[in-house]
1. For region 12-30, what are the residues that are within 9 Å of the ligand (Cβ to nearest atom) and either in contact with a helix residue (DSSP H, G or I) (Cβ under 8 Å, 6 or more places away or on another chain) or under 15 Å from Lys41 (Cβ atoms) (or both)?
2. Name the pairs: first residue in region 5-20 and more than 11 Å from Pro31 (Cα to Cα), second residue open to solvent by less than 50 Å² (accessible area, probe 1.4 Å) and not β-branched (Val, Ile, Thr), Cβ to Cβ under 8 Å, at least 6 apart or on different chains?
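The values are calculated or read from the model by the stated rules, or taken from the named source; none is laboratory data. If you're wondering where the values come from, they're calculated on a predicted model, not measured in any experiment. For neighbour counting, all protein chains shown are included, and Cβ atoms are generated from backbone atoms with ideal geometry for every residue, glycine included. Areas reflect the complete protein model, heavy atoms only, side chains present, ligands, DNA and RNA absent. Shrake-Rupley method; radii C 1.70, N 1.55, O 1.52, S 1.80 Å.
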Amino acid sequence: MPAYNYVCHECESNFEVRKPMSEIDTETRCPACGSVLTNRKISNVTIFSFSDGVRRPQASASSCSGCSTVGSGCAACRSG
Ligand SMILES: [Zn+2]
């Protein structure tokens, strides 16, 4: 069963809940204060790993609008 990270809006505590994926959007109660005002945190978005520590000039990178999506990249931008 996968585990998900939640944050409580009442007490701002972070906690982990294991539940089946079918119940991912069901009500989740905060273990600290019992509030149901909780939100699941999206943690698998890794934008930072995309840049390999090399800073590229902003001018050449923004020339192609099709490359704004992470993972794609046209032939013009791949050669850069
Ligand atoms: Zn709470």
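1. Within region 12-30, Glu12, Ser13, Phe15, Cys30 qualify.
2. Listed pairs, sorted by first residue: Asn5/Phe15; His9/Ser35; Glu10/Cys30; Glu10/Ser35; Arg18/Ala3; Arg18/Tyr4; Lys19/Tyr4.
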